[in-house]
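The values are calculated or read from the model by the stated rules, or taken from the named source; none is laboratory data. All figures in this text were calculated on a predicted structure; none of them were measured in a lab. Neighbour counts are summed over all protein chains in view; Cβ atoms, including those assigned to glycine, are modelled from backbone coordinates with ideal geometry. Heavy atoms of the whole protein, side chains included, go into the accessibility calculation; ligands, DNA and RNA do not. Shrake-Rupley method; radii C 1.70, N 1.55, O 1.52, S 1.80 Å.
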There are 2 protein chains.
Amino acid sequence: MIPVPKGFRFAASKAAFKREGRYDLAVMLSDTPAVAAGVFTTNRFQAAPVLQCIETLASRERVRGVVANSGQANACTGEQGLVNCRVSLEMAAGAVGVDMDELLPASTGVIGQHIKLDRWRAALPELEGSLGKVGPMEFTRAIMTTDKFPKLAWATIRHNGQVARVLGMAKGAGMICPNMATMLGFIACDADVEPGLWRDMLRQAVERSFNRITVDGDTSTNDCVLALANGASGLRIDPTTEPDGRQALQTALSEVCEALAYMIVQDAEGGTKVVRIHIVGAKDDRQAELAARAVGNSPLVKTALFGRDANWGRIVAAVGRSGAEFNPDYVAMAIGGITIFEGGAPKVGDIDGLLAAHMDQRDISIEVSLGDGPGEYTLLASDLTVEYIKINADYRT
Amino acid sequence: MIPVPKGFRFAASKAAFKREGRYDLAVMLSDTPAVAAGVFTTNRFQAAPVLQCIETLASRERVRGVVANSGQANACTGEQGLVNCRVSLEMAAGAVGVDMDELLPASTGVIGQHIKLDRWRAALPELEGSLGKVGPMEFTRAIMTTDKFPKLAWATIRHNGQVARVLGMAKGAGMICPNMATMLGFIACDADVEPGLWRDMLRQAVERSFNRITVDGDTSTNDCVLALANGASGLRIDPTTEPDGRQALQTALSEVCEALAYMIVQDAEGGTKVVRIHIVGAKDDRQAELAARAVGNSPLVKTALFGRDANWGRIVAAVGRSGAEFNPDYVAMAIGGITIFEGGAPKVGDIDGLLAAHMDQRDISIEVSLGDGPGEYTLLASDLTVEYIKINADYRT
């Protein structure tokens, strides 16, 4: 049983945007206006729903909910795409009884394809009828594309004898390298929190989670995380007088985002591994990030992981070309906790034998020390597999 | 019959660095001291032979030749690697009758593996006996690793009634994203050219060729291009009084490098396509390069090319996340010469039908205009295939 924050209801319908018989249009609705925060893709081509959300959040602190569809991304669709976004938004808002500017839209699917308005309209009765009768699982299923499983996570905050909840839902398996943005993610919370504080908390949570994963280094045009807090729990988080409460909510929000981010990498298209790349000892965090991303996005490192090959040479080569500043003589690298490279040369003999067991695991750990600086960064990455190629040579993003 | 520049001879032997019966150790020798130029990897981990070449070229304008091996890269091998490089260099120099500091070393193969000195020593008689009896083809075969075919190119310069030649040999199929460096490349020229000018010419030729290709975005630890000009043709290129001659030599050198660079992409591991990405209208060349590299290294774009899928949305998304500055509304994109995206939306209806024939070709053309700026950049890239994954999940770089 998934714990739903108080005052939130869900609706979902099958509009056949891609194929019959699967949820692909859904709404998350708060009974009362909820404090809203959003983080969006940094891709220069922002999809129509992203532009609409940014416009709405610029003028409103609170909204009633979000509407999301899979099948068509409504990205790179020009003026017509923006018009279609507003028309579909108005239809969905009407179905659940709110104004269109109280609803934030999100779309995922094929870039360049227009929203199928006729199918959207035909799905409205089912959407309206399902409100309150379906839950987060149906909502999450409705936003899946190449995802193999729905991604949900939650946390509970206990503070001053009161209880509040955070519920997160996300989708994503390919075109994943959020890098200062993120995939589709939706967060519901029933704490009572001040708008500016909630936006700061979401930015911080996203920076520590979705922004630190990569599947293929490709940042989508539709990435966004929308977070609503409606206060229905009565648990009030006061930014000035409640440092403990603020910390409790921040921790809960970050944990939910980190869990969803991990699930996205675990569900990476064709992926068989989740590798945690931890860079330490860099001059600063930015230098550590450069090194981590070079390793996490290296096709040679990723294919070696798929081959269960402790190919440390490719990792070292990726760090070397990353652009990070460091002295090669002071670099040390450990895989699965075993230091295998130090002082510019291999440190142990039978590396393959030592690491064979670790390389067979689903979760691989790579730690690289670039020196004695304070900079560190952690990136979660998937491997690169035959299945990834087959999926993306066929599937139309 | 490959036209060899005057005064150059070759030697090759089978040292079984990887397996029996194939050339893997070779020398290119000039009868007289030749003006030498080198361009090297920008990877922070530079292999022992790269460090040795840089040291030699810092103190000498002329050398007698180069010695190259495949099988072991002698990269990330620490102090021992540098010692082994010098020992093997001394052995090879002795076999062809020159001093060790007159020979420039280059190695390619598995990172982290030491040169097998015993096999190197055992191969010396064959190396010595073959001097002048083998040619550029045997030399080129000796430096192949995952290459499917040897890569040679040549050009002839006619100036002031005299004739000079440029011959280039290269290897490379994976771990290719030279980016300010290049793969193993060797150039022989019998023009008589001043050392500083020759080094400038090589830098310019490499910048326009090897530095503008990518297979997998991974820059190797051993990349280098070494160019020798021995003047044996008698054709003197005077930098001050001979602008025409200088231009003729620069053109010949650049053409040879561009031909070899194209062959490397054509031989990309598992590759089925060579895509020419041409970015125009950018604010400056750097902005154009950012966009070109984002497209050329995008796994989603590369797998779509493998799938013969005119998936323009992925190309647009890659340009959008490239970091290049531009106004999305002014972007136009053509594939195979047909403009399919303009003003933020698709420009034609049946894109797949229009481009089907072009997508079936080996050579694909993508042209993106970012606006009306003067910046432009051209990048040659391969596609990403099931075969690439299989090769790199098994082969140990």
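One table, with the values for the structure above:
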| quantity | calculated |
| --- | --- |
| Residues that are among the acidic types (Asp, Glu) and touching a residue at least 60 places away in the same chain (Cβ under 8 Å), drawn from the stretch B:271-326 | B:284, B:285, B:289 |
| Residue list for the stretch A:60-82, restricted to those being without any contact (Cβ under 8 Å) to a residue 40 or more places away in the chain, open to solvent by 10 Å² or more (accessible area, probe 1.4 Å) and either of a type in the set (Gly, Ala, Ser) or away from chain B (no Cβ under 12 Å) (or both) | A:64, A:78 |
| Filter result (modelled with pLDDT of 90 or more, touching a strand residue (DSSP E or B) at 6+ places or on another chain (Cβ under 7 Å) and either closer than 18 Å to residue B:145 by Cβ or assigned to a loop (DSSP other than H, G, I, E, B) (or both)) within the stretch B:1-27 | B:4, B:5, B:7, B:12, B:13, B:15, B:17, B:23, B:24, B:25, B:26 |
| Candidate set from the stretch B:349-383 (those that are under 22 Å from the mean Cα position of the chain (by Cα) and hydroxyl-bearing (Ser, Thr, Tyr)); member that is nearest to residue B:326 (Cα to Cα) | B:377 |
| Residue check, residue B:298 under 12 Å from residue A:45 (Cβ atoms) and among the hydroxyl-bearing types (Ser, Thr, Tyr) | no |
| Wholly within the stretch B:317-373, strands (runs of 3 or more DSSP E) carrying at least 2 residues that are β-branched (Val, Ile, Thr) | B:338-342, B:363-369 |
| Failed item in (1) away from every other protein chain (no Cβ under 14 Å); (2) open to solvent by less than 10 Å² (accessible area, probe 1.4 Å), with residue B:85 passing the rest | (1) |
| Criterion violated by residue B:193 - all others in (1) surrounded by fewer than 22 Cβ atoms within 10 Å (Cβ to Cβ); (2) under 19 Å from residue B:32 (Cα atoms) satisfied | (1) |
| Qualifying helices (runs of 4 or more DSSP H) (wholly inside the stretch A:89-162; at least 2 residues being open to solvent by 30 Å² or more (accessible area, probe 1.4 Å) and modelled with pLDDT of 95 or more) | A:117-122, A:124-130 |
| Matching residues, the stretch A:313-346, being out of contact with any Lys or Arg (no Cβ under 7 Å at 6 or more places or on another chain) and either loosely packed, with under 15 Cβ neighbours inside 10 Å or of a type in the set (Val, Ile, Thr) (or both) | A:315, A:316, A:319, A:323, A:327, A:329, A:331, A:335, A:337, A:338, A:343 |
| Residues of the stretch A:257-315 satisfying the condition of being outside any strand (DSSP E or B), touching a helix residue (DSSP H, G or I) at 6+ places or on another chain (Cβ under 6 Å) and more than 14 Å from every other protein chain (Cβ to nearest Cβ) | A:257, A:261 |
| Subset tally (residues that are within 15 Å of residue B:295 (Cβ to Cβ) and charged (D, E, K, R)) for the stretch B:350-397 | 3 |
| Cross-chain or 6+ apart pairs with Cβ under 6 Å, the stretch A:102-121 first and within 13 Å of chain B (Cβ to nearest Cβ), then among the hydrophobic types (A, V, I, L, M, F, W, C) and assigned to a helix (DSSP H, G or I) | none |
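Table: residues versus (1) more than 14 Å from every other protein chain (Cβ to nearest Cβ); (2) at pLDDT 90 or above; (3) in contact with a Lys or Arg (Cβ under 9 Å, 6 or more places away or on another chain); (4) outside any loop (DSSP other than H, G, I, E, B).
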| residue | (1), (2), (3), (4) |
| --- | --- |
| A:178 | no, no, yes, no |
| A:202 | yes, no, no, yes |
| A:217 | no, no, yes, no |
| A:220 | no, no, yes, no |
| A:225 | yes, no, no, yes |
| A:241 | yes, no, no, no |
